[in-house]
Each structure stands twice: as C-alpha cells, then as structure tokens.
Amino acid sequence: MTSFGRGRGWSNHQSQDKDQGLRRPGGSASSNNKVLKDIIDKIVSYDECESVSPKLIQDIVDLLTIAINEDSLRYVCDSLWKQAIYHSLTSKIALIFSDNMVVRLEDTNKNTIRSRFLRFLQDNYISKEKDRVEDKRTFANKVLLHAEVYYHMKLSDGNRLKILAEPLIQYLEDLLQDNPKDNIYFIMIQILRAGKDLYAACPGGLESLIMTIRQLLVKENLHSPENNAALLLIVELANNDYEIKDTRLKHFYFSNIKSLSFEPPFSHEELKVILTTKTENDNQLREIENNPRIIREEMKNDIPEHGNYSKNSSGPRAIRGSGALDKAKKGININAKSNSLRTTPPRERNKGWGHDDRFHEHYE
C-alpha cells in the first residue's frame, strides 16, 4: 500500500492507489449519493464558530459506516474531499475529517480513512504548481484545507502530524510570493496557532519563511499598517519561541490588528462564499454570507446523479479563508515579485512528502 513516511522527501510523481478493497459503486449510485447528501446536510447544519459536537461526529460515523457496508467508502469520502477543494465547506470538512472517530474508520481491506485522506492531501500538494497558475480558487482551497487539517488532526498522543508541516510551510511561502498583501493575515494565524510545532518539525523551512517575511517588512510597501503589524508579530513570535507572554506586547498588537486573539481559535474572521453572477450589462462579483440555505442549494446542484463529481470543476465556488488567495492582482509580475523576495536559493519543489510502506506503524 502506498503511504507516507517520516523524514523522507516528497516525490514529484503521482501516488498510486493500490488497495482495491473499495470499488467504484455500480448499481448503488443513488444510495451512495443519498449517504453523501445526508453527510453534507449535517456538515452544513453546524455552526462553525462552535466546536463540533460528539453527536454530529457520531451521526457522520454512522453514515460513513453505511458506506463501508455497501463497499462504497472510497466514493463517498473522495466526493466529500473534492467538495472541499472544488466547491465549498472547506474548513468544516477539514474539521470533521480531523476527528479520530472519523479517520480511524476502516474499509473492508483494513485501510483507514486517515491514510486515504493524507494521500488526498499529498496529491493536492503534488499538483499545486499547476493550480497556482491555472485555478487560483482551487489552490486557495487546497491551502486552507491543508492548514486546517494540520491544526486540528492529532495522533493518539496529542501530537500533530509532522508529515504535514513542511508542505504547509511551502504553501505559506507560495501565498507570500503570489499575493502578500491579501495573504499576510492568513499566514499570521497559521504561525500564531502552530508555530511551535512547525518549527519542531521543520526548523529550516520555517526560518526561511521568517526571513522572507523580514524582507517584506524592509522592501515592500504594503500600504497597510495592519499588514505591517501582522508581519512584525510573525517576526516577534519567531524571536520568542512562538509565544507572546508580555501583556504590553499583546496590547500593542491588539490595538493594531483587527480580530486578533492570542487564545484559540485565534481569529473570528467570517468566511464568505464568493459567487460569480453574469448580468445583462457586465460581469459582477457578488459576495454573500455563507448561510446553510445557499450551501444546500449548491449541494443539490453539485452532487451528480451517477457519480461524476468533478462536474463544473473548471469554475468552482470556493469558501475563502481569512487570507486565502482569490484572484491575481492585475499588472503585477508575480515571478518578478517572487524573485525579489527570495534571499536563499529556492528549495526543490514538492520536496518533503514521499512514499513509504511504514505508514501505519507511525500514524495509526
């Protein structure tokens, strides 16, 4: 079985799915889609500002168990994860599939949901360069999903998965290079809530990111005191073991950065759904609140009748994170900006995530 190891490089080739325990459903497509819709409806229904209730987790486990019994878990899970990447519900799906009760479920070949989910995240990372150029909304959702899973998914000993750390740092570097003004707040939140673990897992990578941030402070005109304060806070965290204890410093950053918190969940920034609507006169971007009625309507249209879940993937609707990238700035040479920020030679692309048959020994 293809899987991940610790301390080994990520390969640039696509992972191969060798386990055949869960086949693509044939005549049971309608039943599988009913399970899928029921799970999505439950995910939509909970308030993201609150913690996920044990009852909600148990309800989803029960529904996934139905899929296991029908030999269809692969189809249901892959459809949900693609929903997180190409459509919406990114943060909520990350939270649900970081819960140990969910990810420890096994298929008929004893492969856990966690192993499949990590393989999905790996494939996202391997294809990220294409998305950065061709589909920025999908790229943004991949970053958001990866960041949320890294923060929420824990092993039985309470530790985060080290295998996810270096890819997350590289994602953050990508965001800085592509569109720093819009992504600084999002990057600050990731460092604030998981900086210690990121440094423990990948000190060199995080130090390189911090140096890039120092260069931004010195060289880039961000036209935003709040962005400058966020960059300064990231450097301050790096210089103080990724923890701010001094009350005067906390007050300073509270005064200069909106919605900042030094305690979980760190940020209360509201997620939005961005819908593109065409009028008779022009194209407009219409921003609406992420409410359950609208999401349910999207789900009704997005879920296929017979299993092709990549429908409309060329123009996905996305939930935007606090700093997730939505569109490229016109007139900016991204490559030139990227080169101006680098102080060290670029690391090998996609390094840090490889294949190793010892996965269950380390992560189950």
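Bear in mind these aren't lab numbers, they're just calculated from the coordinates by the rules spelled out. It should be emphasised that the depicted structure is a prediction, and the values quoted were computed from it without experimental measurement. Reconstructed Cβ throughout: ideal geometry from the backbone, glycine too, with neighbour counts over all protein chains shown.
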Report task. Starting with the fewest neighbours, write out 88, 30 ranked by other beta-carbon atoms found within 10 Å of each beta-carbon. Result -> 30, 88
Report task. Using only the Cα atoms of the range 30-153, each taken as one equal point scatterer with no solvent, compute I(q) by the Debye sum, divide by I(0), and report log10 of the ratio at q = 0.12, 0.18, 0.22, 0.23 Å⁻¹. Result -> -0.42, -0.95, -1.36, -1.46
Query raised in the report: residue 154 versus residue 263, label points 7 Å from Cα toward the beta carbon: distance in nm?
Result: 1.7
Report summary line: Here FRET efficiency (C-beta to C-beta, residue 217 to residue 133, R₀ 25 Å, nearest 0.05) is 0.35
Report task. Run the quick spin-label model on residue 62 and residue 47: label points 7 Å from Cα toward the beta carbon, then report their separation in nm to one decimal. Result -> 2.3
**Report entry** Separation in nanometres of the label points that stand 7 Å from Cα toward Cβ, at residue 252 and residue 196
**Finding:** 2.2
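State the Kirkwood hydrodynamic radius of the range 83-165 in Å, one decimal place, computed from all pairs of distinct Cα atoms.
Roughly 13.3 Å, rounded to one decimal.
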Requested in this report: Considering Cα pairs under 8 angstrom that are at least six residues apart, work out the relative contact order of the range 54-142 and quote it in whole percent.
Outcome: 27
Requested in this report: Specify whether the C-alpha gyration tensor of the range 157-272 places it in the rounded, prolate or oblate class, a ≥ b ≥ c being the square roots of the eigenvalues: rounded for a/c under 1.5, otherwise prolate if a/b is larger than b/c and oblate if not.
Outcome: rounded
